1. List every residue pair whose Cβ atoms sit under 8 Å apart, with the two residues 6 or more apart in sequence or on different chains, where the first one lies in the stretch 322-339 and is at positive phi and the second, anywhere, is part of a helix (DSSP H, G or I).
2. For the stretch 1-100, please list each of the strands (runs of 3 or more DSSP E) lying entirely inside it that holds at least 1 residues being closer than 26 Å to R260 by Cα and charged (D, E, K, R).
3. With the structure loaded, tell me whether T275 is at negative phi and either part of a helix (DSSP H, G or I) or loosely packed, with under 12 Cβ neighbours inside 10 Å (or both) or whether it fails that test.
4. Would you please name the residue that is farthest from Q229 (Cα to Cα), looking only at residues in the stretch 157-213 that are of a type in the set (D, E, K, R) and outside any helix (DSSP H, G or I)?
5. If I filter the stretch 215-223 for residues that are touching a residue at least 24 places away in the same chain (Cβ under 8 Å), closer than 19 Å to A330 by Cβ and open to solvent by less than 20 Å² (accessible area, probe 1.4 Å), do I get at least one hit?
6. Tell me which residues, restricted to the stretch 47-58, are of a type in the set (A, V, I, L, M), more than 16 Å from A98 (Cα to Cα) and either surrounded by fewer than 17 Cβ atoms within 10 Å (Cβ to Cβ) or over 28 Å from the mean Cα position of the chain (by Cα) (or both).
7. Output the residues belonging to the stretch 71-117 that are open to solvent by 30 Å² or more (accessible area, probe 1.4 Å), under 28 Å from L142 (Cα atoms) and among the acidic types (D, E).
8. How about the stretch 103-158: which of its residues are charged (D, E, K, R) and within 27 Å of the chain's Cα centre (by Cα)?
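The values are calculated or read from the model by the stated rules, or taken from the named source; none is laboratory data. Fair warning: this is a prediction, and the values are worked out from it, not measured in the lab. Cβ coordinates were reconstructed from backbone atoms using ideal geometry, including for glycine residues, and neighbour counts include every protein chain displayed. Remember, those area values only see protein heavy atoms, side chains included, never the ligands or the DNA or RNA. Shrake-Rupley method; radii C 1.70, N 1.55, O 1.52, S 1.80 Å.
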Amino acid sequence: MNPQQADPALPVEVSLEDLRQAGRQPALPFALMLADGSRLEFTRLLRLLPGKRLAGLALWNGQPVFAKLFIGADAPRHGERERAGLAALAAARLPTPAVLFAGKVGEVGYLVLSAWLDGAATLNEQALSPRDPEPLLPALVLLGRLHAAELVQHDAHLDNFLRHDGRLLLIDGDGVRPLNTEGDCLANLAHLLAQLIPAWDRQRDRLLQAYGHPVDVGALAAAVALARQRRLNHFLAKTVRDCSQFAVYKNFRRFTAVLREEVPALQTLLQDPDTAMATGKLLKDGGTCTVAAVDIGGRTLVVKRYNLKHWRHALSRLWRPSRAWHSWQAAHRLAYCGIATPKPLAMSEERIGPLRRRAFLITEHCPGANLLSLLDPAQEPESAMQAALRELFATLYELRISHGDLKATNLLWHDGQIVLIDLDALTQHRSEKAFARLWRRDRARFVRNWPADSVLAQWLERVLPGQPVRQKGKLCTNHRHTA
C-alpha cells in the first residue's frame with residue numbers, strides 16, 4: 001500500500017463538500033470538526049474512492065486512530081453497515097480492531113473510528129508464495145470461523161485480513177453479512193481463493209484443511225474458475241479506463257493509459273516518445289516495430305514503437321486495437337496470473353478521432369539473459385531452471401494461454417524465474433480445440449530452438465505438457481511457425 005503522506009503544514013479545516021470536490025487529490029493534512037466539538041485530523045490516506053470514501057491515519061483528541069469516512073447520499077447506509085459489520089465480528093469473538101466511534105457527520109457523511117494498529121500490514125502487502133502456503137493458512141482458519149458464526153465477508157479479499165503482532169484480524173465491516181444459505185459459504189470461499197494466482201490451486205488441499213468445513217471440491221473448483229475469470233475481465237477493462245490504478249488521457253489525436261503512480265515520471269516521455277527513443281539505446285529496428293532502451297530518472301525502461309510499413313498496412317490497422325493495446329493487456333493478464341513479464345507502465349496510441357495509427361508500449365527493463373544463450377543443448381537444465389520451466393509451461397497450459405512466438409530469445413532468466421517478453425500475439429483461449437492447435441505450435445517452436453537429437457530437446461519433449469506435433473507417426477520438428 002502506498003499511503004499519501006501529509007505535508008508538515010498545519011491541518012486545514014475542510015467540509016465534506018470540499019473533500020468530495022477534491023477527487024483523488026485531497027490536500028493533507030486536513031481537519032474535520034465533529035458534532036460533539038471534537039476535531040479529527042487526517043494525516044495519511046491509505047485508501048481513497050474519490051467523492052465517496054476515504055480511509056487512513058488520523059488524530060482524534062490527540063489519539064492515533066484508523067478513520068473511515070463515507071461521503072455522499074449513500075454515506076449513512078454504508079457507514080451504518082460498516083459499524084454493524086464490525087459489531088457482528090466482535091460479538092462473534094472474531095479478532096477485529098476495536099471501534100472507538102461511529103456516527104453521522106453533517107447531513108451526508110458517516111464516520112467510523114477504530115484503533116490504529118501501528119505496524120500492521122494486510123496479507124496483500126506480504127510476499128505470499130504458493131511454494132510456502134503456511135503464511136496464508138491463518139486466513140482460511142479465520143474465514144472458517146467467520147462461516148461457523150453464520151457470517152460471510154461479502155467482498156472477501158487479502159486486503160481484508162490484517163496481520164498485527166503475530167495475529168490475524170478481520171477488517172471492513174461494510175462487507176460483513178449474515179449467512180443466508182450454505183451456498184453462501186462456498187461462494188464466499190471461492191471469492192477469496194479467486195484472488196490468488198492460479199499456482200495456488202495446487203495447494204488447495206492444504207488450504208481446505210485450514211478452512212475446516214466440508215466442501216464439494218468439484219463445485220468449489222468451478223466457482224473459483226468462474227470468479228477468477230470475472231475478476232480478470234473486470235481488471236483488464238480497468239487497464240484502459242480512468243480509475244484509482246490507471247490514468248487515462250484521450251483526445252482527438254492520442255489515447256494514453258498509464259499506471260497512475262508512474263504519471264509524474266513518464267510525463268515527458270509520453271509527450272515525445274520518438275525523441276526519447278532516438279536518444280536511447282536501439283535494441284531492435286524492424287519494419288513493424290522499433291525497440292529502444294531509455295533512461296528515465298536513472299531507471300532503464302523499454303519503449304516499443306509499432307510502426308506502419310506502408311499505406312495498406314496503415315489502413316489495415318485503422319479500426320483494430322493496436323498491438324501496443326494488445327500487449328499492454330496481455331502483460332497485465334500475465335501479471336494477474338502470476339506469470340513473470342516486464343512490468344507494463346504505459347501504452348499510447350496516435351489517433352485521428354477513432355482511427356488508430358502508430359502506437360507505443362513502455363515497460364520496465366528486464367536485465368536477464370535469454371534462454372538461447374543460457375541453456376546448453378548437450379545437457380539437461382540445472383534444477384532451478386528445470387523447476388521454472390515446468391512451472392511456466394504448466395501454468396500456461398492450465399490457463400490455455402498461447403504465446404504465439406516462443407523463440408528462446410523471448411524467455412529471459414532473471415531473479416530465479418523465467419520472464420516472458422514480446423507478447424504481441426499472446427492469447428488466452430476459450431476454445432479447447434483452438435488452444436490445442438496453437439499450443440502444439442508454441443511447444444514445437446520452443447523445442448526447435450535446439451537440435452532435435454540434443455539432450456536438452458529430448459528432455460523438453462518429455463517434460464513439457466501437451467503433445468508434440470506428429471506427421472505419419474513421426475515427430476514433426478520442421479513445420480513453419482505461423483502464429
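1. Final answer for the pair search is G338/P198; G338/A199; G338/T395.
2. On the way: elements: 30-33, 39-49, 53-60, 63-71.
Because the criterion is at least 1 residues that are closer than 26 Å to R260 by Cα and charged (D, E, K, R), the strands (runs of 3 or more DSSP E) in the stretch 1-100 that meet it are 39-49, 53-60, 63-71.
3. Numbers: at negative phi: yes; either part of a helix (DSSP H, G or I) or loosely packed, with under 12 Cβ neighbours inside 10 Å (or both): yes.
Answer is yes for this residue.
4. Within the stretch 157-213, the subset of a type in the set (D, E, K, R) is 159, 163, 165, 167, 172, 174, 177, 182, 184, 201-202, 204-206.
When the remaining residues are screened for being outside any helix (DSSP H, G or I), the result is 163, 165, 167, 172, 177.
On the way: R163: 28, D165: 35, R167: 32, D172: 24, R177: 24 Å.
Of everything passing the filter in the stretch 157-213, D165 is farthest from Q229 (Cα to Cα).
5. Step one: filter the stretch 215-223 for residues touching a residue at least 24 places away in the same chain (Cβ under 8 Å), giving 215-216, 219-220, 223.
Filter again for closer than 19 Å to A330 by Cβ, leaving none.
Scanning the stretch 215-223, I find no residue that is touching a residue at least 24 places away in the same chain (Cβ under 8 Å), closer than 19 Å to A330 by Cβ and open to solvent by less than 20 Å² (accessible area, probe 1.4 Å), so the answer is no.
6. Matches in the stretch 47-58: L49 only.
7. The one that is open to solvent by 30 Å² or more (accessible area, probe 1.4 Å), under 28 Å from L142 (Cα atoms) and among the acidic types (D, E): E80.
8. Residues of the stretch 103-158 charged (D, E, K, R): 104, 107, 118, 125, 131-132, 134, 145, 150, 155.
Those that are charged (D, E, K, R) and within 27 Å of the chain's Cα centre (by Cα): D118, E125, R131, D132, E134, D155.
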